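Only one structure is covered here, and it is reproduced in the block below.
Each reported figure results from applying straightforward, stated rules to the coordinates on display, with no laboratory input. Values in this document were obtained by computation on a predicted structure and should not be read as measured data. Positions of Cβ are generated from backbone atoms using ideal geometry, with glycine treated the same way; all protein chains shown enter the neighbour counts.
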Amino acid sequence: MALQWVGLKILCLLFSLAVSPSMVLPVVVNGTMGASVTLPCEGSAYSHSSTPDVLWKTSDGVIVADFLQDIDNIYFKDRVKFNREGIKTRNFSITINPTFLSDEDNYKCVCRNCKKTILANVHLTVCAPPLKKSVSASIGDSVTLPCFSHVNRQTARDKLFVQWKRGDKLVLELSSGMFKTKLLDPLFLKLRVM
Ligand SMILES: *[C@@H]1O[C@H](CO)[C@@H](O)[C@H](O)[C@H]1NC(C)=O
Ligand SMILES: *[C@@H]1O[C@H](CO)[C@@H](O)[C@H](O)[C@H]1NC(C)=O
């Protein structure tokens, strides 16, 4: 009997989770590194206050954009805009431009003074442009060898360890936050990292 009750309670809990009105299924948006990407947030059905207090957050709570004030963090400052035209229609979508690989994350569009708090859940994927198998350059010209990787935005630079090699020979290394050309080979003395 007791066991049945427990079973029933679990069922009820599952059921209430499934129909909970605060649950918004994540929308998947695919972005490309370096391009602009729009994260949709449609708030018209839920807003009732005259100035909705809306902000966007990452999964770890970093503020991406705040409708009422400028944000002040190095991760998204000057890269994110609300659709000012769409505000009359309660369109709280934001555009990130340019998109970084480290922007891949789950985002929430949150309204702090609406009946409904979470207006949108967006999962943003970001892909790097395909790497070319070969890069050509003329003698004397500079040449860029592309290399991208997904790194968490909050990873400190001194925690990154990256090496470039030519064959087995180390050409350039990033460690403890510093780039070092390990070779005293005059060929590589002009390396520069973007
Ligand atoms: C996003 O990318 C995934 C995986 O490549 C794909 O299955 C999905 O259809 C894409 N979604 C959109 C909206 O383009
Ligand atoms: C909301 O704004 C975004 C970004 O400007 C736009 O792409 C989208 O079409 C707008 N949505 C509606 C329903 O107008």
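Remarks
- Sparsely packed GluC sites (Glu not before Pro) within region 29-137, loop by DSSP, other Cβ within 10 Å at most 12: none
- Projected label points at LYS88 and VAL135, each 7 Å from Cα along the beta carbon direction, are separated by 4.8 nanometres.
- Where labels lie 7 Å past Cα in the beta-carbon direction, separation of SER142 and ILE74 in nm: 2.3
- In whole angstrom, region 21-127 maps to an equivalent ellipsoid with semi-axes of 21, 15, 12, each derived as √(5λ) from the alpha carbon gyration tensor and ordered largest first.
- In this simple spin-label approximation, GLU42 and CYS127 carry label points 7 Å from Cα along the Cα→Cβ vector, and these lie 2.6 nm apart.
- Over 24 Å between alpha carbons, listed pairs LYS77/LYS132; LYS57/LYS115; LYS77/LYS115; LYS132/LYS169; LYS108/LYS159; LYS77/LYS180: LYS77/LYS132; LYS77/LYS115; LYS108/LYS159; LYS77/LYS180
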